[in-house]
Amino acid sequence: MCFTHSMQIGFLQILKALRDCHQDLKKKPKYLVTFTVGYNQRHNIDACIKKFSDSFTIVLFHYDEKVSEWDDEFEWSKNVIHISVLKQTKWWYAKRFLHPDIIAKYDYIFIWDEDLGVEHFDAEEYVNMVKKHGLEISQPGLDPEKGTTWQITKKREHVEVHKETDEKLEWCSNPPRPPCAAFVEIMAPVFSRDARRCVWYMIQIDLVHGWGLDFALRRCVEEPAYEKIGIVDSQWIVHQFIPSLGSQGKEENGKSPIEGVRDRCHMEWKMFESRLDNAEKEYFKSLQIQSHSSSTTFQ
């Protein structure tokens with residue numbers, strides 16, 4: 001059994017638990033799935049957990065500090081890793097607890113939100129599709145009837161995987177690049193062992209919402225990136241759009257907690273974009289090559 005709680009044991013013990021858990025099992029998990037959760041979404045998470053076999057190590061990041069309640073209600077909760085820090089996001093957790101050296105033994109890692117409907121999803125079959133099509137970064141297709149954000153992430157019929165789409169002309173003036181190709185959203189990404197080290201270094205420790213990261217992920221696979229990043233249509237999910245983390249905040253300056261979170265997300269996106277552009281310019285300058293802006297701001 002692996003159980004960790006940031007209020008009960010230290011940071012190093014948590015990392016050791018992530019690295020060494022299940023060592024006593026004959027069948028050792030090959031994959032890792034994390035959910036960032038609040039207790040109010042426990043029934044949805046219960047449904048999600050049942051879609052992941054014993055080939056997966058499961059980690060729950062708790063943003064509301066309610067941990068023991070899960071053990072009282074769900075038997076499976078006693079056999080997963082729990083990490084609890086109040087009012088934090090999944091990218092905050094990922095940067096601090098999912099260092100690629102710590103999770104090196106896992107072939108794939110799922111870093112998922114808590115508000116995903118998984119009735120039509122099977123994790124083992126998903127991994128089979130990812131391997132079959134050589135995807136280093138991927139996500140399940142999204143139910144097109146439930147308000148998706150980008151055309152490329154909408155589930156398509158009668159195909160296993162797709163990698164490109166048509167978007168607004170001004171957004172796809174230079175295909176095959178995001179958001180028309182080489183693109184997944186940050187709600188339910190899946191990373192291979194090769195891709196996730198680059199992704200971990202790209203995550204900014206102070207930009208906790210991860211906005212803009214989806215447009216930069218193509219840098220974490222070998223070119224052509226659009227061949228190695230894709231949407232798995234045969235195993236699809238529903239994004240339920242439950243702004244649960246926003247409800248944990250306080251009203252400030254006349255703005256609701258959700259509005260405050262949204263404003264910070266946009267601010268972080270601009271900061272991430274600026275840092276990425278500067279880093280790219282410095283890199284190409286060192287090679288004496290002129291860089292092209294990687295701006296990803298859309299209206």
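Full extension of the chain between Asp101 and Arg193 gives 32.1 nm of extra length, using 0.36 nm per residue less the Cα-Cα distance. Annotation: extensible slack from Phe241 through Asp166 equals 24.6 nm (criterion: 0.36 nm per residue apart, minus Cα-Cα distance).
Can you give the net charge of the other residues whose Cβ lies under 10 Å from the Cβ of Lys163, counting K and R as +1 and D and E as -1? Spelling it out: positives minus negatives among the neighbours equals -1. The alpha-carbon of Lys281 sits under 17 angstrom from the alpha-carbons of these lysines, leaving out residues fewer than 8 places away in its chain: Lys270.
Under a Cβ-Cβ cut-off of 15 Å, what is the net charge of the residues other than Trp76 that fall near it, where Lys and Arg count +1 and Asp and Glu count -1? That works out to -3. Structural descriptor for region 11-245: relative contact order 25 percent, calculated from alpha carbon pairs under 8 angstrom and at least 6 residues apart. When Leu98, Leu276 are arranged by Cβ crowding within 10 Å, least crowded first, meaning fewest neighbours, the order is Leu276, Leu98. Each Lys and Arg Cβ is given +1 and each Asp and Glu Cβ -1; about its Cα centre, region 11-245 then shows a dipole of about 780 debye. Going from the fewest other Cβ atoms within 10 Å to the most, the residues Cys220, Cys172 appear in the order Cys172, Cys220. For Glu227, neighbours were defined as the other residues whose beta-carbon sits under 12 Å from its Cβ, and their charges (Lys and Arg +1, Asp and Glu -1) total -1.
FYI, it's all coordinate maths here, none of it is from the lab. What you are looking at is a predicted structure, and each value in this text was computed from that prediction instead of being measured. Every residue, glycine as well, gets a Cβ built from its backbone with ideal geometry; the counts of neighbours run over all protein chains shown.
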